[in-house]
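Note sheet for the following structure.
The values are calculated or read from the model by the stated rules, or taken from the named source; none is laboratory data. All of these numbers come straight from a predicted model, not from anything done at the bench. No Cβ is skipped: glycine too gets one built from the backbone with ideal geometry, and neighbour counts run over all protein chains shown.
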Amino acid sequence: MELLMAWRNVWRNPRRTILTILAIAFACILLVFMLSLQIGMYEVMINTAVKTRTGHMQVLADGYNQDHKIRKVISDPEAVARILDDTPHITGYTFRANGFALLSSDQRTYGGLITGVDPVSEPRISNIKSIIRKGRFLSPSDTNSAVIGSLLAKRLKIDLGDELVVLGSARDGAIAATVLTVAGIFSSGMDDYDRSAIQIPLAHFQEVFAMEGTVHEAVITCDSLWNVGSAQTAISKAVAGLEQKRRLTCLSWDELTPGLVQSIQMDLGGGLIFYGILLIMVAFSIMNTFLMAVFERTREFGTLMAIGARPGRLTTMLVYESAFLTLCGIGLGIGAGCLLTLWAQHAGIPMGDAEGMLRQYGIPGLIRPKLTLATALAGPAVVFLITMLTALYPAVKVHRIIPVDAMRAA
Amino acid sequence: MEHTPNHMVEIIDVSKTYTQGKLEVHALAGISLALDRGEFTALAGPSGSGKTTLLNLIGGLDSPSCGRIVLDGKEVTGLSQSRLADMRLNKIGFVFQAYNIIPVLSARENVEYVMLMQGVPAKERTDRARAILDEVGLANMHDRRPAELSGGQQQRVAVARAIVSRPAIVLADEPTANLDSATGQGLLEMMAKMNEKRGVTFIFSTHDKMVMEYARRIVRLKDGLVSDDTTK
């Protein structure tokens, strides 16, 4: 009967109840939508970084990630390949080698990062083929061909078919020099990368930079972001047992791109402050509703206590009322929030003037929230917790009611 | 005053002083009184004579400044709030001037609620609630909410709620004050019938002459003291 009483009490003042339910629902809609939007953006940012550059994981020589010294190599890539072939959740891998060099066109010279890639396996790991804006990607028959970042091409004032002179330092300390022909120009959307990157066939890189069959990175993709941890553990264990000149290590995408992780953390931090303010407002709204409910019904509580109800029974009833009100608001909020998010996920949200800035993080002009069980329930769960805690104050306040005084209340 | 088994209530030298700002108000000034089982007693007197205060003290809703109150052989004074709540639930039925029934519950649910707190099984609760509502003249009105009942009907629900828990005593604070005389008379006849039929002790506070006519004993209070005690 307490449940029935609580439900009827909730609807004693329908206008106030509806307003409170709408306040809770509004908070939940915002939380579901905003969290989904943030997660959707982070996923795009991570996937862009993973697909353009890092992969989900990389096997590297110990210390290479810190200083990118050309001598820190994987001396036996075949042995690493055998391990990766046997590791669960791995969907593909490719080898790369990197070197810094001066790049000269007829008119200008700039420093850049030359990466030797396997023309066959690289497109299976990265999105390089799909971001070629002009020309074509490298083919297995290419030797001294190159694909070059659009901003670098602009800086060097070169186009398809133009020649580019490379001058750098080889692994053995000798001079590494070659002439490349531009076969394609790519644009990843990440200005830093497009301003400095150039890719050439791995075999040609190994020849020019005296790599002697060695590489710097084994770039790996997984079947899902969630399986990266377990795959990383397995690979780390296996590569530690390899007999190589340098100890090998396996790093995940977040270890390889700390800047990306930091920008996600910063954005999440800002979001949390906003959510905190929103929750405080909802908490005050709930507290106001319940304090009013207690004040208005003081006489009734006095009567109930006079006929033998213990304060605990009244507290239980008020907690039920709070739960009903909150669950109505949360149910409505989750429903409406999910519908709104699904619509935005389907239609996409144009970012207008912010597009240029977002492109730096690899976010396209149209962003799409990503609705998951976690984004649909995490925010509303916190709302439930906060509102129930807030409603406890007036619910506990009834313990201080003295029946004879309460019944004198107007 | 010596306790005898037939005494339902013993009030021994009870005083009650309220503080209003810097002023001390002596609502009861050392009152002693014994009420027997099955009595139908009216506490009469003008406003401020201490009638309601005395009822509140007997019912454990308030505590005396000094003195003792013994109810059904058990000392009430000094009991904890939870013990007092249990005592009110199981031994006392209350009828208030302003009815004080729960607005969100129907007549039957109001009556059942007390039995729910007593732990009476659901089927028995419903049966007893229906029977008592029929007895107080509210047949066919079991499922009406207070807002759908007249003042007299609401007070009958309040009496049914007070009686249904099978209390040793019913305390009624000016039960007819908000009713017209015909309705008030009907209510008094019903309570007198219940007093006779069930043997429940009734104590009223009133300044209504009609109520006093129904009472078999009239205790008159003045300035917090018993000024007259008449048994018919």
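Here is how the numbers come out for the structure above:
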read-out	value
Given (1) out of contact with any strand residue (DSSP E or B) (no Cβ under 7 Å at 6 or more places or on another chain); (2) surrounded by 19 or more Cβ atoms within 10 Å (Cβ to Cβ); (3) modelled with pLDDT of 90 or more, index of the condition A:Tyr42 fails	(3)
Hey, A:Thr52 surrounded by 16 or more Cβ atoms within 10 Å (Cβ to Cβ), of a type outside the set (Asp, Glu) and either within 14 Å of another protein chain (Cβ to nearest Cβ) or part of a helix (DSSP H, G or I) (or both) or not	yes
Failed item in (1) surrounded by 24 or more Cβ atoms within 10 Å (Cβ to Cβ); (2) in contact with a helix residue (DSSP H, G or I) (Cβ under 8 Å, 6 or more places away or on another chain), with B:Asp72 passing the rest	(1)
Qualifying residue in segment B:139-146 (condition: crowded, with 20+ Cβ neighbours inside 10 Å and either acidic (Asp, Glu) or within 21 Å of B:Arg198 (Cα to Cα) (or both))	no
Long-range neighbours under 7 Å by Cβ, at least six apart or interchain, first residue at positive phi within segment A:387-399, second among the small types (Gly, Ala, Ser) and assigned to a helix (DSSP H, G or I)	none
Those residues of segment B:179-202 which are in a helix (DSSP H, G or I) and polar (S, T, N, Q), in sequence order	B:Ser181, B:Thr183, B:Gln185, B:Asn195
Scan of segment A:289-343 for residues that are within 14 Å of chain B (Cβ to nearest Cβ), in contact with an Asp or Glu (Cβ under 9 Å, 6 or more places away or on another chain) and part of a helix (DSSP H, G or I), ordered by number	A:Ala293, A:Thr298, A:Gly302, A:Arg313, A:Thr316, A:Met317, A:Tyr320
Residue among B:Arg161, B:Arg216 that is within 23 Å of B:Gly59 (Cα to Cα) and crowded, with 19+ Cβ neighbours inside 10 Å	B:Arg161
Output for segment B:1-53, where each listed residue is in a strand (DSSP E or B), away from every other protein chain (no Cβ under 14 Å) and among the small types (Gly, Ala, Ser)	B:Ser15, B:Ala29, B:Gly30, B:Ser32, B:Ala34, B:Ala42, B:Ala44
Options A:Ala97, A:Ala27, A:Ala79; residue that is out of contact with any helix residue (DSSP H, G or I) (no Cβ under 7 Å at 6 or more places or on another chain), more than 14 Å from chain B (Cβ to nearest Cβ) and in contact (Cβ under 8 Å) with a residue 24 or more places away in the chain	A:Ala79
Qualifying residue in segment A:380-403 (condition: modelled with pLDDT of 80 or more, assigned to a loop (DSSP other than H, G, I, E, B) and within 14 Å of chain B (Cβ to nearest Cβ))	yes
